[in-house]
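Report on the following structure.
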Amino acid sequence: MSRMRIGRSARAALALATALLFAAAPALARGLTIVRDVEIEEHVRAIADPLFAAAGLVANEVDIYLVKDERLNAFVAGGQNLFLHTGLVARTTTPEQLAGVIAHEVGHIAGGHLSRQVAAREKALGQMLLGAALGLAAAAAGAPQLGTAIIAGGATVAQSGVLAFTRSQEQAADQAAVTYLAAIGLPPRGLVEFFAVLEAQDMRMAAEGDVYRRTHPLTRDRVAFLEAQDAASPWRGRTLGQERAAVHERVRAKLDGFLADPQRVLAAWTGETVPARIARAAAQHRRGAVEEAVALAKGLVAERPDDPFLQELLGQILFENGRIAEAIGPYRKALALRPDAALIRLGLARALLELPGGRGTEEAATLAREVTRAQPRDAGAFRTLGIAEGRLGRIGPASLALAEAAVLARDKAEARLHLGRAQQAIGPSDPSWLRLQDLLRAADDLPEPRDRDPRRR
């Protein structure tokens, strides 16, 4: 799959990549699957960044990753990296609950708890997690919305193997969470409520599925402490507001619609609220009921034409069902409304790339190039740029972009392939020559492919 030819259909690659990633999910149970979505990422950042600041952390130096997993879990690894399960975000019924969980995890980061664990194991774990999160977008040349921008991680470490925190560290993280929440004007009520969700889950799930309780020991003392802090808080009863609550409900609906069982989603998200219709549109799309999905998405756009994420949703549904020309309009409107959203820009690029006769290829290349400048660690953007450049006959830039994607994906064999082609097309006088030299060095530093081991043949 990663050896995709430049001229191959991006939409076909999307379908293949998505199908393989979902089909391989059980086999990848010991790895990670990273999901990306503009609306969800912005929502999580809006909650998390003030908490990072309260802890004295530089917000843009803390990376947040959304892990596709229905189980409730959140963890930190490899330094300032926060991982949230989609199941946790979807099961937090209020943004305050999510804020409580994030504040607790920030307590672990700020408290230096990771550095007190086994250093070598933590370093290796962090590297594997980051390799999964940052690199393997090159394997999926799909549209960058939720449900399609799903990156299968190559990590071989079970999430349940993340080192559990001690009770004293958990208590310290709780105390820190109370402080950080108070700094942004919130009581710890959300964290108390989340613990209640955990208790309810414990009644329904087998021990092997309860990841959070294994890695974050939950004791009655912790609950009692937080309840007392909530009762004494000068911010008791305060929330993040109705607007943030409304966004949280949309995020939950989107996660359910794209990731949960479609039949369950259709039964659970009834009514005519915006979140309910988002969830049903995504579920109908996933079950192959194209006309129903399109009708729901068009209805939402008609009511809220200035909502970029609803325009994006309509564009995605049309694009992934082969209605390329129809998808361009919604994608353009979404980007016009949110010109700073690199993932929307990339979605438009991928749709343009599929217009018949190659009439959108030049614009697609321009858009993808802009995304690589804004997000230089996005392997999927480099992959799209490489495909577009290749279709335009620009072999040097195409090979360089595909090599960049392979290096980000930590795929040494693929990187060597494209770098070899780039060396034939790019000379010392070319402005890209220095970048080519950097990539050659970066590729040399990658581990050798395991399939090159003669013992595996």
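The values are calculated or read from the model by the stated rules, or taken from the named source; none is laboratory data. Keep in mind that this is a model prediction, so the values were computed, not measured. Note: ideal-geometry Cβ built from the backbone for every residue, glycine included; neighbour counts use all protein chains shown.
Data for the structure
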| item | result |
| --- | --- |
| Wholly enclosed strands (runs of 3 or more DSSP E) of segment 25-105 bearing at least 3 residues modelled with pLDDT of 90 or more | 63-67, 81-85 |
| Lone qualifier among K254, K298 - being in a helix (DSSP H, G or I), of a type outside the set (G, A, S) and in contact (Cβ under 8 Å) with a residue 40 or more places away in the chain | K254 |
| Close pairs (6 angstrom Cβ cut-off, 6 or more residues apart or separate chains): closer than 11 Å to V62 by Cα and of a type in the set (A, V, I, L, M) in segment 76-96, assigned to a helix (DSSP H, G or I) and modelled with pLDDT of 90 or more anywhere | V76/E105; L82/E105 |
| Some residue of segment 301-322 being part of a helix (DSSP H, G or I), touching a residue at least 40 places away in the same chain (Cβ under 8 Å), among the charged types (D, E, K, R) and over 24 Å from T92 (Cβ atoms) | yes |
| Residues located in segment 285-295, provided they are more than 23 Å from L343 (Cα to Cα), part of a helix (DSSP H, G or I) and not hydrophobic (A, V, I, L, M, F, W, C) | E291, E292 |
| Listing of helices (runs of 4 or more DSSP H) fully contained in segment 372-457 that carry 2 or more residues being over 27 Å from G347 (Cα atoms), under 30 Å from the mean Cα position of the chain (by Cα) and not polar (S, T, N, Q) | 412-425, 433-444 |
| Complete set of residues in segment 329-387 that are closer than 22 Å to E42 by Cα and surrounded by fewer than 16 Cβ atoms within 10 Å (Cβ to Cβ) | A336, P339, D340, R373, A374, P376, R377 |
| Subset of segment 34-61 that is of a type in the set (A, V, I, L, M, F, W, C) and more than 13 Å from L82 (Cβ to Cβ) - its residue that is surrounded by the fewest Cβ atoms within 10 Å (Cβ to Cβ) | V58 |
| Neighbours by Cβ (under 9 Å, 6+ apart or cross-chain): first from segment 430-446, farther than 13 Å from H418 by Cα and in contact (Cβ under 8 Å) with a residue 24 or more places away in the chain; second of a type in the set (K, R) and part of a helix (DSSP H, G or I) | L446/K412 |
| Some residue of segment 273-282 being in a helix (DSSP H, G or I), within 30 Å of G390 (Cα to Cα) and of a type in the set (A, V, I, L, M) | no |
| Residue match in segment 309-323 (condition: polar (S, T, N, Q) and surrounded by 23 or more Cβ atoms within 10 Å (Cβ to Cβ)) | yes |
| Scope segment 202-228; condition at pLDDT 65 or above and more than 18 Å from E105 (Cα to Cα); matching residues | R220, D221, A224, E227, A228 |
